[in-house]
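Working notes, beginning with the structure itself.
The values are calculated or read from the model by the stated rules, or taken from the named source; none is laboratory data. Being a predicted model, the structure only gives us computed values, none of them experimental. When we count neighbours, we look across all protein chains shown, and the Cβ atoms used for this are built from the backbone with ideal geometry, even at glycine. Areas reflect the complete protein model, heavy atoms only, side chains present, ligands, DNA and RNA absent. Shrake-Rupley method; radii C 1.70, N 1.55, O 1.52, S 1.80 Å.
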Amino acid sequence: MTQHYHSVTRDVYKEAALAPQEGLCCTTTPIWQLPGLTLPPRMLEMNYGCGSTVNPRDLVNSPTILYVGVGGGMEVLQFSYFSRRAGGVIGLDVVDEMLVACDENLVEAERKNDWFRRDFVDLRKGDALNLPIDNDTVDIAAQNCLFNIFHDDDLKRALSEMYRVLKPRGKLVLSDPVCDVPMPENVRNDERLRAMCLTGAIPLADYVKRLTDIGFGTIEVRAKRPYRLLSPRHFDVDSLIPIESVEIAAIKDPMPADGPCLFTGRTAIYYGSDDLFDDRKGHTLAQNQPLAVCDKTAKALLGLGRDDIYVSDSTYFYDGGGCC
Ligand SMILES: C[S@@+](CC[C@H](N)C(=O)[O-])C[C@H]1O[C@@H](n2cnc3c(N)ncnc32)[C@H](O)[C@@H]1O
(Lines give C-alpha, C1' and ligand atoms only; values in the text may rest on other atoms or scores of the structure.)
Protein backbone atom coordinates (compact mmCIF):
# COMPACT_ATOMS: atom_id res chain seq x y z
CA MET A 1 0.00 0.00 0.00
CA THR A 2 2.77 2.46 0.86
CA GLN A 3 4.19 2.45 -2.67
CA HIS A 4 0.70 2.76 -4.16
CA TYR A 5 -0.13 5.94 -2.28
CA HIS A 6 2.94 7.60 -3.80
CA SER A 7 1.68 6.80 -7.28
CA VAL A 8 -1.82 8.18 -6.44
CA THR A 9 -0.12 11.34 -5.10
CA ARG A 10 1.87 11.73 -8.31
CA ASP A 11 -1.32 11.35 -10.37
CA VAL A 12 -3.14 13.98 -8.30
CA TYR A 13 -0.32 16.50 -8.81
CA LYS A 14 0.12 15.60 -12.47
CA GLU A 15 -3.56 16.60 -12.91
CA ALA A 16 -3.01 19.74 -10.82
CA ALA A 17 -0.03 20.69 -13.01
CA LEU A 18 -1.89 20.19 -16.30
CA ALA A 19 -5.01 22.10 -15.16
CA PRO A 20 -4.73 24.47 -12.16
CA GLN A 21 -7.19 23.64 -9.36
CA GLU A 22 -7.84 26.68 -7.23
CA GLY A 23 -9.62 24.77 -4.44
CA LEU A 24 -6.77 22.29 -3.86
CA CYS A 25 -5.05 23.06 -0.54
CA CYS A 26 -5.08 26.86 0.06
CA THR A 27 -5.89 28.67 3.32
CA THR A 28 -6.77 32.09 4.67
CA THR A 29 -3.08 33.03 4.88
CA PRO A 30 -2.64 36.19 2.82
CA ILE A 31 -0.28 35.90 -0.14
CA TRP A 32 2.95 37.87 0.37
CA GLN A 33 2.76 41.07 -1.68
CA LEU A 34 6.28 42.52 -1.68
CA PRO A 35 7.52 45.75 -3.29
CA GLY A 36 8.42 45.07 -6.93
CA LEU A 37 7.15 41.45 -6.84
CA THR A 38 4.56 40.50 -9.45
CA LEU A 39 3.20 36.95 -9.32
CA PRO A 40 2.06 35.48 -12.67
CA PRO A 41 -1.69 34.60 -12.63
CA ARG A 42 -1.14 30.86 -13.24
CA MET A 43 1.34 30.76 -10.37
CA LEU A 44 -1.38 32.20 -8.12
CA GLU A 45 -3.94 29.68 -9.39
CA MET A 46 -1.41 26.93 -8.57
CA ASN A 47 -0.96 27.99 -4.95
CA TYR A 48 -1.28 24.51 -3.45
CA GLY A 49 0.12 25.41 -0.04
CA CYS A 50 -1.77 25.59 3.26
CA GLY A 51 0.08 28.52 4.82
CA SER A 52 3.33 30.34 4.18
CA THR A 53 6.90 29.19 4.72
CA VAL A 54 8.38 32.53 3.64
CA ASN A 55 9.40 34.77 6.53
CA PRO A 56 11.72 37.75 5.85
CA ARG A 57 13.24 37.31 9.33
CA ASP A 58 14.73 33.98 8.23
CA LEU A 59 16.12 35.32 4.99
CA VAL A 60 18.90 37.79 5.76
CA ASN A 61 22.41 37.37 4.26
CA SER A 62 21.27 35.71 1.01
CA PRO A 63 20.79 32.19 2.38
CA THR A 64 20.78 28.98 0.33
CA ILE A 65 17.22 27.67 0.33
CA LEU A 66 15.99 24.18 -0.49
CA TYR A 67 12.28 23.95 -1.37
CA VAL A 68 10.77 20.47 -1.62
CA GLY A 69 7.55 20.01 -3.62
CA VAL A 70 7.57 23.16 -5.76
CA GLY A 71 3.99 23.19 -7.06
CA GLY A 72 3.50 26.18 -9.37
CA GLY A 73 6.58 27.89 -7.94
CA MET A 74 5.02 30.77 -5.99
CA GLU A 75 7.09 30.22 -2.87
CA VAL A 76 10.35 29.53 -4.73
CA LEU A 77 9.85 32.90 -6.44
CA GLN A 78 9.13 34.58 -3.10
CA PHE A 79 12.24 32.98 -1.58
CA SER A 80 14.30 34.15 -4.59
CA TYR A 81 13.14 37.68 -3.84
CA PHE A 82 15.33 37.49 -0.75
CA SER A 83 18.30 35.40 -1.99
CA ARG A 84 18.63 37.11 -5.45
CA ARG A 85 21.48 35.02 -6.85
CA ALA A 86 21.92 32.14 -9.29
CA GLY A 87 21.08 28.85 -7.59
CA GLY A 88 20.11 30.59 -4.33
CA VAL A 89 16.93 28.51 -4.31
CA ILE A 90 16.96 24.79 -5.15
CA GLY A 91 13.46 23.54 -6.02
CA LEU A 92 12.66 19.82 -6.10
CA ASP A 93 9.63 17.85 -7.23
CA VAL A 94 8.92 14.26 -8.30
CA VAL A 95 6.22 15.09 -10.85
CA ASP A 96 7.59 15.92 -14.31
CA GLU A 97 4.48 17.87 -15.33
CA MET A 98 4.76 19.98 -12.15
CA LEU A 99 8.42 20.75 -12.89
CA VAL A 100 7.43 21.85 -16.42
CA ALA A 101 4.58 24.05 -15.13
CA CYS A 102 6.82 25.55 -12.45
CA ASP A 103 9.53 26.28 -15.02
CA GLU A 104 7.01 27.99 -17.34
CA ASN A 105 5.68 30.07 -14.44
CA LEU A 106 9.22 31.13 -13.48
CA VAL A 107 9.99 32.13 -17.09
CA GLU A 108 6.81 34.25 -17.01
CA ALA A 109 7.93 35.69 -13.65
CA GLU A 110 11.22 36.73 -15.23
CA ARG A 111 9.25 38.68 -17.83
CA LYS A 112 7.21 40.44 -15.13
CA ASN A 113 9.93 41.16 -12.54
CA ASP A 114 13.05 43.23 -13.36
CA TRP A 115 14.95 41.91 -10.36
CA PHE A 116 14.33 38.18 -11.07
CA ARG A 117 16.37 35.86 -13.26
CA ARG A 118 15.20 32.34 -14.05
CA ASP A 119 18.58 30.96 -12.96
CA PHE A 120 17.95 32.17 -9.40
CA VAL A 121 16.01 28.90 -9.06
CA ASP A 122 17.78 25.61 -9.66
CA LEU A 123 14.82 23.37 -10.50
CA ARG A 124 15.53 19.64 -10.25
CA LYS A 125 13.73 16.33 -10.16
CA GLY A 126 14.08 14.97 -6.64
CA ASP A 127 12.21 13.02 -4.00
CA ALA A 128 11.57 14.30 -0.47
CA LEU A 129 12.38 10.80 0.77
CA ASN A 130 15.85 10.77 -0.78
CA LEU A 131 17.07 14.31 -1.28
CA PRO A 132 19.75 14.70 -3.97
CA ILE A 133 21.53 17.24 -1.76
CA ASP A 134 24.78 17.00 0.24
CA ASN A 135 24.84 16.97 4.03
CA ASP A 136 24.98 20.30 5.92
CA THR A 137 24.70 22.52 2.84
CA VAL A 138 21.47 24.56 3.08
CA ASP A 139 20.48 27.38 5.41
CA ILE A 140 16.72 27.00 4.98
CA ALA A 141 14.81 23.84 4.01
CA ALA A 142 11.13 24.44 3.23
CA GLN A 143 8.09 22.34 2.45
CA ASN A 144 4.47 23.45 2.22
CA CYS A 145 1.58 20.99 2.40
CA LEU A 146 3.54 17.93 1.27
CA PHE A 147 4.74 15.98 4.31
CA ASN A 148 1.20 15.55 5.71
CA ILE A 149 0.56 13.21 2.78
CA PHE A 150 3.27 10.81 3.95
CA HIS A 151 2.57 7.78 6.11
CA ASP A 152 4.48 7.67 9.37
CA ASP A 153 7.71 5.95 8.27
CA ASP A 154 7.95 8.19 5.21
CA LEU A 155 7.24 11.29 7.32
CA LYS A 156 10.11 10.38 9.63
CA ARG A 157 12.35 9.79 6.65
CA ALA A 158 11.38 13.08 4.95
CA LEU A 159 12.03 15.04 8.17
CA SER A 160 15.38 13.25 8.70
CA GLU A 161 16.39 14.13 5.14
CA MET A 162 15.66 17.82 5.81
CA TYR A 163 17.70 17.62 9.03
CA ARG A 164 20.60 15.94 7.19
CA VAL A 165 20.95 18.62 4.50
CA LEU A 166 20.61 21.63 6.84
CA LYS A 167 23.73 23.39 8.07
CA PRO A 168 24.11 23.52 11.86
CA ARG A 169 21.59 26.11 13.14
CA GLY A 170 19.80 25.98 9.78
CA LYS A 171 15.99 26.06 9.75
CA LEU A 172 13.34 23.71 8.49
CA VAL A 173 10.29 25.89 7.75
CA LEU A 174 7.07 24.11 7.01
CA SER A 175 3.36 24.51 6.68
CA ASP A 176 1.10 21.47 6.99
CA PRO A 177 -2.39 20.48 8.12
CA VAL A 178 -2.70 19.08 11.66
CA CYS A 179 -5.70 17.51 13.35
CA ASP A 180 -6.17 17.07 17.09
CA VAL A 181 -9.10 14.65 16.91
CA PRO A 182 -8.50 11.07 15.78
CA MET A 183 -8.80 10.75 12.01
CA PRO A 184 -11.00 7.70 11.19
CA GLU A 185 -9.00 4.92 9.54
CA ASN A 186 -11.28 4.72 6.51
CA VAL A 187 -10.53 8.31 5.43
CA ARG A 188 -6.93 8.17 6.67
CA ASN A 189 -6.35 5.29 4.26
CA ASP A 190 -8.18 6.93 1.35
CA GLU A 191 -5.18 7.58 -0.88
CA ARG A 192 -6.79 10.30 -2.98
CA LEU A 193 -8.10 12.30 0.01
CA ARG A 194 -4.70 11.92 1.60
CA ALA A 195 -2.95 13.14 -1.55
CA MET A 196 -5.28 16.15 -1.51
CA CYS A 197 -3.93 17.06 1.97
CA LEU A 198 -7.24 16.28 3.68
CA THR A 199 -6.80 13.14 5.75
CA GLY A 200 -3.11 12.50 6.51
CA ALA A 201 -2.99 15.16 9.24
CA ILE A 202 -1.67 14.11 12.68
CA PRO A 203 -1.99 16.00 16.00
CA LEU A 204 0.33 18.99 16.42
CA ALA A 205 2.02 17.47 19.49
CA ASP A 206 2.85 14.32 17.48
CA TYR A 207 4.29 16.40 14.65
CA VAL A 208 6.47 18.34 17.11
CA LYS A 209 7.64 15.08 18.71
CA ARG A 210 8.71 13.70 15.35
CA LEU A 211 10.80 16.86 14.83
CA THR A 212 12.45 16.76 18.25
CA ASP A 213 13.03 12.97 18.05
CA ILE A 214 15.12 13.64 14.93
CA GLY A 215 17.21 16.17 16.85
CA PHE A 216 15.83 19.66 16.18
CA GLY A 217 16.61 21.48 19.44
CA THR A 218 14.30 24.46 18.97
CA ILE A 219 10.77 24.44 17.58
CA GLU A 220 8.70 27.53 16.88
CA VAL A 221 4.96 27.22 16.25
CA ARG A 222 4.53 30.40 14.28
CA ALA A 223 0.87 30.25 13.32
CA LYS A 224 -2.16 27.92 13.50
CA ARG A 225 -5.42 28.52 11.68
CA PRO A 226 -8.60 26.68 10.71
CA TYR A 227 -8.02 24.88 7.40
CA ARG A 228 -10.75 22.41 6.47
CA LEU A 229 -13.70 20.59 8.01
CA LEU A 230 -14.51 16.98 7.23
CA SER A 231 -18.25 16.80 7.75
CA PRO A 232 -20.55 13.75 7.52
CA ARG A 233 -22.41 15.63 4.76
CA HIS A 234 -19.46 15.43 2.42
CA PHE A 235 -17.14 12.73 3.77
CA ASP A 236 -17.51 9.21 5.12
CA VAL A 237 -17.14 10.29 8.76
CA ASP A 238 -19.52 10.14 11.76
CA SER A 239 -18.80 13.56 13.26
CA LEU A 240 -17.18 16.87 12.34
CA ILE A 241 -13.41 16.70 12.03
CA PRO A 242 -11.77 20.14 12.10
CA ILE A 243 -8.35 20.37 10.47
CA GLU A 244 -5.98 23.26 11.09
CA SER A 245 -2.95 24.43 9.17
CA VAL A 246 0.18 25.11 11.13
CA GLU A 247 3.38 26.98 10.34
CA ILE A 248 6.46 25.67 12.13
CA ALA A 249 10.18 26.49 12.14
CA ALA A 250 12.42 23.71 13.45
CA ILE A 251 15.98 24.81 14.11
CA LYS A 252 18.97 22.48 13.91
CA ASP A 253 20.27 23.72 17.26
CA PRO A 254 22.03 21.34 19.64
CA MET A 255 19.47 19.58 21.83
CA PRO A 256 19.43 21.24 25.29
CA ALA A 257 20.26 18.86 28.17
CA ASP A 258 16.79 19.38 29.64
CA GLY A 259 14.99 18.76 26.34
CA PRO A 260 13.90 20.80 23.33
CA CYS A 261 12.76 24.41 23.49
CA LEU A 262 9.24 24.57 22.10
CA PHE A 263 7.75 28.02 21.53
CA THR A 264 3.98 28.03 21.22
CA GLY A 265 3.40 31.74 21.77
CA ARG A 266 3.45 31.87 25.57
CA THR A 267 4.43 35.07 27.38
CA ALA A 268 5.50 35.68 31.00
CA ILE A 269 4.99 38.99 32.83
CA TYR A 270 6.36 39.75 36.30
CA TYR A 271 4.12 42.07 38.29
CA GLY A 272 5.77 42.04 41.73
CA SER A 273 7.17 45.01 43.65
CA ASP A 274 10.84 44.71 42.54
CA ASP A 275 12.23 46.11 39.30
CA LEU A 276 12.77 42.64 37.96
CA PHE A 277 12.58 38.95 38.65
CA ASP A 278 15.57 36.71 37.88
CA ASP A 279 14.96 32.93 37.88
CA ARG A 280 18.77 32.32 37.98
CA LYS A 281 18.40 30.09 34.93
CA GLY A 282 18.96 32.82 32.37
CA HIS A 283 15.53 34.46 32.40
CA THR A 284 15.08 38.00 33.64
CA LEU A 285 11.58 39.44 33.74
CA ALA A 286 11.48 43.25 33.96
CA GLN A 287 8.50 44.56 35.94
CA ASN A 288 5.37 44.55 33.75
CA GLN A 289 7.30 43.79 30.54
CA PRO A 290 6.39 40.81 28.35
CA LEU A 291 8.93 38.03 27.77
CA ALA A 292 8.20 35.32 25.21
CA VAL A 293 8.94 32.00 26.92
CA CYS A 294 9.24 28.46 25.69
CA ASP A 295 6.86 25.86 27.13
CA LYS A 296 9.61 24.49 29.41
CA THR A 297 10.24 27.91 30.98
CA ALA A 298 6.49 28.60 31.19
CA LYS A 299 6.04 25.38 33.16
CA ALA A 300 9.01 26.14 35.45
CA LEU A 301 7.77 29.68 36.18
CA LEU A 302 4.25 28.44 36.94
CA GLY A 303 5.78 25.69 39.10
CA LEU A 304 7.28 28.36 41.40
CA GLY A 305 3.73 29.00 42.62
CA ARG A 306 4.29 32.77 42.86
CA ASP A 307 1.48 35.30 42.91
CA ASP A 308 3.44 37.90 40.95
CA ILE A 309 4.20 36.09 37.70
CA TYR A 310 1.59 35.76 34.97
CA VAL A 311 2.11 33.20 32.19
CA SER A 312 -0.22 33.24 29.20
CA ASP A 313 -1.62 30.17 27.50
CA SER A 314 -0.25 29.11 24.11
CA THR A 315 -1.42 31.48 21.39
CA TYR A 316 0.19 29.42 18.61
CA PHE A 317 1.47 32.70 17.25
CA TYR A 318 5.19 33.18 17.75
CA ASP A 319 7.48 35.45 15.79
CA GLY A 320 10.76 35.33 17.65
CA GLY A 321 12.52 36.79 20.65
CA GLY A 322 12.33 35.75 24.26
CA CYS A 323 14.02 33.13 26.40
CA CYS A 324 16.45 30.28 25.55
C1 LIG B 1 0.20 20.17 -2.06
S2 LIG B 1 1.37 20.47 -3.30
C3 LIG B 1 2.22 21.87 -2.63
C4 LIG B 1 2.95 22.67 -3.66
C5 LIG B 1 3.70 23.90 -3.14
N6 LIG B 1 4.50 23.56 -2.01
C7 LIG B 1 2.74 25.01 -2.80
O8 LIG B 1 2.74 25.46 -1.63
O9 LIG B 1 2.00 25.47 -3.67
C10 LIG B 1 2.55 19.14 -3.10
C11 LIG B 1 3.73 19.20 -4.07
O12 LIG B 1 4.67 18.16 -3.74
C13 LIG B 1 5.02 17.41 -4.90
N14 LIG B 1 5.36 16.06 -4.45
C15 LIG B 1 4.55 14.99 -4.22
N16 LIG B 1 5.25 13.95 -3.75
C17 LIG B 1 6.55 14.38 -3.65
C18 LIG B 1 7.76 13.76 -3.21
N19 LIG B 1 7.77 12.49 -2.76
N20 LIG B 1 8.90 14.48 -3.25
C21 LIG B 1 8.91 15.77 -3.72
N22 LIG B 1 7.79 16.40 -4.14
C23 LIG B 1 6.62 15.71 -4.10
C24 LIG B 1 3.78 17.53 -5.78
O25 LIG B 1 4.08 17.29 -7.14
C26 LIG B 1 3.36 18.98 -5.53
O27 LIG B 1 4.08 19.88 -6.33
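Amide H contacts under 5 Å for Val94: Gly126, restricted to partners 5 or more places along the chain or on a different chain, H placed in the peptide plane at 1.01 Å from N. Label sites at Tyr271 and Arg225, each approximated as a point 7 angstrom past Cα along Cα to Cβ, lie 3.1 nm apart. Over 30 Å between Cα atoms, which of Lys252/Lys281; Lys112/Lys167; Lys125/Lys296; Lys167/Lys209 qualify? In this structure, Lys112/Lys167; Lys125/Lys296 lie more than 30 Å apart at Cα. With a cut-off of 14 Å on the backbone N, the residues of the stretch 261-277 near the modelled label site 7 Å out from Arg306 along Cα-Cβ are 268-277.
Can you send over the carbon and sulfur percentage of the accessible area for the stretch 43-168, probe radius 1.4 Å, protein chains only? Answer for the stretch 43-168 is 44 percent, counting heavy atoms of protein chains only. Solvent-accessible surface of the stretch 50-92, averaged per residue with a 1.4 angstrom probe and all protein chains in place: 26 square angstrom. Using the Cβ of Tyr316 as centre and a radius below 13 Å, the other residues enclosed give a net charge of -3, where K and R count +1 and D and E count -1. Here the stretch 212-283 and the stretch 118-178 have alpha carbon centers that stand 20 Å from each other.
Between the amide H of Asp279 and those of Leu285, distances stay under 5 Å, these residues lying 5 or more places away or on another chain, with hydrogens modeled in the peptide plane. Phi-derived couplings, Karplus 6.51 cos²θ - 1.76 cosθ + 1.60 at θ = phi - 60°, listed residue by residue for the stretch 208-225: 4, 5, 4, 5, 6, 4, 6, x, 4, x, 10, 10, 10, 8, 8, 7, 8, 9 Hz, with x used for Gly and Pro. Mind giving me the FRET efficiency for Ala257 and Asn61? R0 is 45 Å, r the Cβ-Cβ distance, nearest 0.05 is fine. With a Förster radius of 45 Å, E is 0.90. Each label was represented as a point 7 Å from its Cα along the Cα-to-Cβ direction; for Ala19 and Lys156 these points are 4.0 nm apart. Remark: the stretch 297-312, residue by residue, has Karplus-estimated 3J(HN,Hα) of 5, 4, 5, 5, 5, 5, x, 5, x, 7, 9, 10, 10, 9, 10, 6 Hz, where x stands for each Gly or Pro and the curve is 6.51 cos²θ - 1.76 cosθ + 1.60 at θ = phi - 60°. The residues of the stretch 169-279 expose, per residue, 43 Å² of accessible area to a 1.4 Å probe. Per-residue 3J(HN,Hα) values for the stretch 266-272, derived from phi via the Karplus relation 6.51 cos²θ - 1.76 cosθ + 1.60 with θ = phi - 60°, read 9, 10, 10, 9, 8, 10, x Hz in sequence order (x marks Gly and Pro). When peptides 130-141, 308-319, 241-252, 279-290 are ranked by their average number of other Cβ atoms within 10 Å per residue, the highest-first order is 241-252, 130-141, 308-319, 279-290. If I compute solvent accessible area with a 1.4 Å probe over the protein chains, what percent of it on the stretch 179-321 is carbon and sulfur? Of the solvent-accessible surface of the stretch 179-321, carbon and sulfur hold 51 percent.
Taking the Cα atoms only, what angle lies between the long axis of helix 2-18 and the longest principal axis of the chain, rounded to 10 degrees? The two axes meet at around 70 degrees. Length available on full extension from Ser239 to Gln287: 0.36 nm per residue minus the Cα-Cα distance, which gives 12.6 nm.
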